[in-house]
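Quick notes on the structure that follows.
Here, each number is a calculation from the coordinates, and none is a lab measurement. Just so it is clear, the model here is predicted, and its values are computed rather than measured. Here Cβ is always computed from backbone atoms with ideal geometry, including for glycine, and neighbour counts include all displayed protein chains.
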Amino acid sequence: MTKHKCFISFKSQDIVYKEYIQNHLNVDMIDKSLNEPIQSYDEDYIMRKIREDYLKDSTVTIHLIGQYSAENSWVNQNYIKRELQASLSNTSAGGRNGILGVILPDLYDEVYRGEQACFTCGNNHSVVAINDSTTVSEFSYNYYLPLDNDKHVWSEEDRYCVLVKWSDFIKAPNEYINQAYDKRFSEITKKIKVRP
């Protein structure tokens with residue numbers, strides 16, 4: 001199995017999950033995460049260092065999504081937004097990463113809302129609330145990419161971002177990392193927006 005170079009994007013309030021992945025999880029990855037704060041108050045300098053030293057040669061970004069990760073939160077989202085923007089970009093400074101969103105336990109009930117009957121087809125579909133109240137728009141837009149006219153429900157082929165609950169991720173981390181990595185080569189990359 002190929003080891004993928006993974007960058008972990010997280011809010012500081014969720015550092016225990018990042019450290020669990022790094023220190024306790026049986027995962028086949030080369031860790032490209034930032035572990036020591038960059039000593040500067042200049043946000044542009046900090047992001048340039050993250051892009052040059054950590055994201056540049058990574059291939060998968062693991063985005064930890066907890067109660068502090070929402071677009072419309074009172075918490076500053078500048079860093080995770082820019083980390084995801086850099087991860088979604090395909091430039092000479094670095095190729096596009098696969099994006100793996102891991103929903104942390106404190107957000108399960110807010111994201112996973114059960115099933116609802118569909119007005120279009122009459123079938124029941126799972127309701128997954130990935131929006132500005134649960135995560136940043138860089139993730140939510142690329143999870144719910146615009147559908148082709150003949151579709152009214154998303155399948156995995158219609159999404160760039162991969163999504164998984166923490167409890168499922170820790171059982172099979174390599175499987176989900178591989179799924180995110182493989183998205184980099186799919187047709188769906190044509191629909192990605194770096195700054196939605």
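Worth a mention:
- Semi-axis lengths, largest first, of the ellipsoid equivalent to the stretch 1-46 are 24, 14, 7 Å, with √(5λ) applied to each eigenvalue of the Cα gyration tensor.
- Order by protection proxy (mean Cβ within 10 Å, highest first), peptides 129-138, 40-49: 129-138, 40-49
- Diffusion coefficient (Stokes-Einstein, Kirkwood radius over C-alpha pairs, 37 °C, 0.692 mPa s) for the stretch 58-150: 224 µm²/s, rounded to a whole number.
- The residue among N123, Y68, I80 whose Cα reaches farthest toward the positive pole of the charge dipole of the stretch 67-132, with charges on the beta-carbon of Lys, Arg, Asp and Glu, is I80.
- Pairs of Cα atoms nearer than 8 Å and 6+ residues apart set the relative contact order; for the stretch 9-116 it is 31 percent.
- Rounded D (µm²/s) - the stretch 4-191, Kirkwood Rh over Cα pairs, Stokes-Einstein at 25 °C, 0.890 mPa s: 144 µm²/s
- Take every pair of alpha-carbon atoms less than 8 Å apart whose residues are at least six positions apart; their mean separation over the length of the chain yields a relative contact order of 22 percent.
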